[in-house]
Every structure is written in C-alpha cells, then in structure tokens.
Amino acid sequence: AQGSSLAGLDVVISAGGTREPLDPVRYLGNRSSGKQGYALATVAAARGAQVTLVSSASLPTPAGVRLVAVETARDLEAAMSEAARTADVVVMAAAVADFRPATYAEAKIKKTQAAPGEAEPEDAPVVELVRNPDILAGLVRERDSRRERSGEPGPLIVGFAAETGDAEGDVLHHARAKLARKGCDLLVANEVGVGVTFGQDDTTVHVLGPGGTLLAQAGPTTKAAASAAVLDAVEDALRDRP
Ligand code: C5P
C-alpha cells in the first residue's frame, strides 16, 4: 500500500561529503555531491514534511527546507543527534569521512625551503588519521535507549550504503550485512564507482527492510525518482510500525 503522506512529519536528512581539515587551507574530502540528499529533501518537503537538511554540500537549499550547514563528521554528528530527538524520520544520506587528521595545524603546513645552492628536500609530512564516530550507528543507539526509557518509538532511521560490486547480488549481499551491523530500519543500497552515482544525476537504488527483505528498487533513474521510491518505502514502514 502506498500513497499516504509525510504531511506534518519532522524529517531530518543529512547530505554531502564531510570535509576534515588539515590546516586553514586544506581538507580531506570525498566525491559526494549531496544531490541524493537534496533530492530526498525536495521530495519530502513536496509531500508536506517539515524538513531539516544537515548538509556539507554547496547546493541551493530547496524551498521550504530548514538548512543546518556543517563541515566535519563531528559537526554532522552533533547536528544530527540534536535534530533526531524530535524527528519522525532520520535519513543518513551523507558520505561521512571514516577518518580525520589526528591533528589540525593552526597555520598552513609549509614545504621546507632549500637553502640557496642546495637541492630541494625530498621529505614530506606524514598525515596521521584517527577514526570518526559511526554517526548512523550512534543515532540508532540513542534512539533505542530513549525508546526504552520513554516508551516513545522515536524516529524511523534510514541509512545509505554506497557499494561497489561486479554483480547486483554483491551489492545486496554487502548491504544486508551493513543493515544488520548498523541496526537501522531501512537501508538504501546504491552502486558506486568511477563516474557512477557520485556527482551524477542518475542512480540505481535497492531499499532493504527488516531482516534484509528487498522492499523496492528503482533505476537507473533520476535521484528525484529514486527519492520518491525511498520515501514510499518510508511511508509504508511508518504505517506498518507496531
Ligand atoms: O559504513 P558505511 O560508510 O558504508 O555506511 C554508510 C552509512 O553510514 C550511510 O548512511 C552514512 O551516512 C553512514 N555513516 C555514518 N558515519 C560514518 C560512516 C558512515 O553515519 N562514520
């Protein structure tokens, strides 16, 4: 059954790739454009949801959507944790950096200059990385402990999985394992690779539900159409909740 609406629901969506600064002019980033998260925000708002978009992307904010601008994974974690407290639906479409530089240099990291008449030095700095938190898994844990205390169901939580695989079976296999590991309610798997999905306008999505059941598939199609399929599955899951 489809076609009910998200009208009046509080929907929080993360979008874009985080940027992890090394010094005032450099960062570690990734190829996520934010287009999928923005498309989800646009479609959710058109269905009447109150949408908060927590974003590190530089795209125009969709009409009627509240934007919370973030840069790093830790900014994103704080903003999502706050927004999730009152949310009905949380969608983690952001490409979160798994690692960040262990230290931030307050001043620009400089090349060492050779003395006049000497050869340029060949040494280069080594960047040590530390792990970022798994934000999605943390949101599920926070929701579940609030649920236990208050008896309120808390938000339906949706994760994304950018998977590379030679065959569709691989993509679903990896995505099912990820769904179980993260503990989210729905997981949207999409195929990525050079020139596929990241930064592109078209995508292919597979929506997995409890126990890894394949609930919906869409694509190759626009990110708007893929968003509609994802939000249909969200509406169905909300309706089927105990
Ligand atoms: O583990 P993987 O990065 O493939 O999982 C993807 C999902 O987990 C996405 O929903 C992404 O937004 C989320 N994620 C996260 N925190 C991380 C890494 C990924 O919330 N540090």
**Prompt:** Between Rg and the Kirkwood Rh of the range 72-167, both from Cα atoms, what is the Rg to Rh ratio?
**Reply:** 1.24
**Message:** P(r) for the range 1-53, please, calculated from all Cα pair distances in 5 Å bins and given in %.
**Reply:** 5, 19, 19, 16, 13, 11, 8, 5, 3, 1, 0
**Message:** Leaving out ligands and nucleic acids, and using a 1.4 Å probe, what accessible area per residue does the chain come to in Å²?
**Reply:** 53 Å²
**Prompt:** Straight-line reach from residue 178: which lysines have Cα under 23 Å away, leaving out those fewer than 8 places along the same chain?
**Reply:** 35, 223
**Fill in**
Taking 0.36 nm per residue of separation between residue 148 and residue 109 and subtracting their Cα-Cα distance, the length gained on full extension comes to 9.2 nm
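Ignoring ligands, DNA and RNA, please state the percent of accessible area on the chain from carbon and sulfur, probe 1.4 Å.
Details: 6470 of 12740 Å².
Carbon-and-sulfur percentage of accessible area, whole number: 51.
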**Using alpha-carbon coordinates, inclination of helix 223-239 to the longest axis of the chain, degrees** = 50 degrees
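For every other residue with a beta carbon closer than 14 angstrom to the beta carbon of residue 33, add +1 if it is Lys or Arg and -1 if Asp or Glu, then tell me the sum.
Working: positive: 19, 31, 35, 223; negative: 201, 202.
The answer is +2.
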**Request:** Can you tell me the relative contact order of the range 32-116? Whole percent, Cα pairs under 8 Å, sequence separation 6 or more.
**Result:** 25 percent
**Asked** With every protein chain left in place, what is the accessible area of residue 74 in Å² (1.4 Å probe, nearest 10)?
**Response** 130 Å²
**Message:** Which of 75, 201, 123 ends up with the largest GNM mean-square fluctuation for the chain, with Cα atoms connected below 10 Å?
**Reply:** 123
**Prompt:** Can you list residues whose amide H is under 5 Å from residue 71's amide H, if they're 5+ apart or on another chain and H is modeled 1.01 Å from N?
**Reply:** 76
**Item:** Under Karplus coefficients 6.51, -1.76 and 1.60, residue-wise ³J(HN,Hα) of the range 24-30 in Hz, glycine/proline x
**Value:** x, 10, 10, 8, 9, x, 9
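The values are calculated or read from the model by the stated rules, or taken from the named source; none is laboratory data. Just so it is clear, the structure is predicted and the values come from calculations on it, not from any experiment. Heads up, the Cβs are rebuilt from the backbone with ideal geometry, glycines too, and the neighbour counts pull from every protein chain shown. Surface areas here come from the heavy atoms of the whole protein model, side chains and all, with no ligands, DNA or RNA. Shrake-Rupley method; radii C 1.70, N 1.55, O 1.52, S 1.80 Å.
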